[in-house]
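These notes concern the structure reproduced below.
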Amino acid sequence: MRKTRKNTRAWGYHLILDAGHCEPHQIRSKKVITTFIKELVKAIDMVAYGPPKIARFGDDRLLGYTVVQLIETSDITVHFDEDNNNAYFDLFSCKRFDPKVALRVFDKYFQPTHKKIKFFKRQA
């Protein structure tokens, strides 16, 4: 049986943001979302693995954009809820990043009125 060290460095870092009442025009703009994701990748010192995948889909209250940006160390995803003007953001990376920087970039583009934030160091 393999022993594990208790004080090992985290395998990854995970930022989760539930953002309420975002700026409606911003979350409905593919151009804004594209600009946001590119600025975010640069601001947190990551390397994009290909272009972002951005699609608007869903019916009625489930309509909204979703963006997936692969990064060399994992991924960034955001789901935008047009019915309530909310956003659900996940950033996971094996490389360290500053969650405050990521949140500042998010706020700059989408101006939520309230946020629930969780930040985890991941290690199985």
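Of note:
- Förster-model FRET efficiency, 30 Å R0, Lys100 and Leu70, C-beta, rounded to 0.05: 0.85
- Gaussian network model of the chain, springs between alpha carbon atoms under 10 Å - residue of Lys38, Lys100, Lys30 with greatest fluctuation: Lys100
- Cβ-based charge dipole, the chain, positive-most Cα from His114, Gly12, Ala102: Gly12
- Candidates per GluC sites (Glu not before Pro) in segment 1-104, loop by DSSP, up to 15 other Cβ within 10 Å: Glu72
- Take the Cα of Lys121, step 7 Å toward its Cβ, do the same at His25, and the gap between the two points is 4.3 nm.
- Option label - volume of the Cα convex hull per residue in Å³ computed here, alternatives (i) 95; (ii) 104; (iii) 122: (iii)
- Relative contact order computed over the chain (Cα-Cα under 8 Å; 6+ residues apart), in percent: 40 percent
- For the chain, the longest site-free run once chymotrypsin sites (Phe, Trp or Tyr not before Pro) in DSSP loop states with at most 16 other Cβ atoms within 10 Å are removed: 50-124
- Candidates Thr77, Thr66, Thr35, ranked by Gaussian network fluctuation over the chain, Cα under 10 Å, top entry: Thr35
- Listed residues Pro112, Pro51, Pro24, most fluctuating in the chain (Gaussian network, C-alpha, under 10 Å): Pro51
- The lysine pair count for the chain, using Cα distances under 20 Å and pairs eight or more places apart or on different chains, is 26.
- Cα long-axis angle, helix 99-110 against the chain (0 to 90 degrees, to the nearest 10): 10 degrees
- Between 0 and 90°, nearest 10: helix 30-43 axis offset from the chain longest Cα axis: 30 degrees
Quick note: the coordinates plus some simple rules give every number you see, no bench work behind them. The shown structure was predicted, so the numbers you read here are calculated from the model rather than taken from an experiment. Note: ideal-geometry Cβ built from the backbone for every residue, glycine included; neighbour counts use all protein chains shown.
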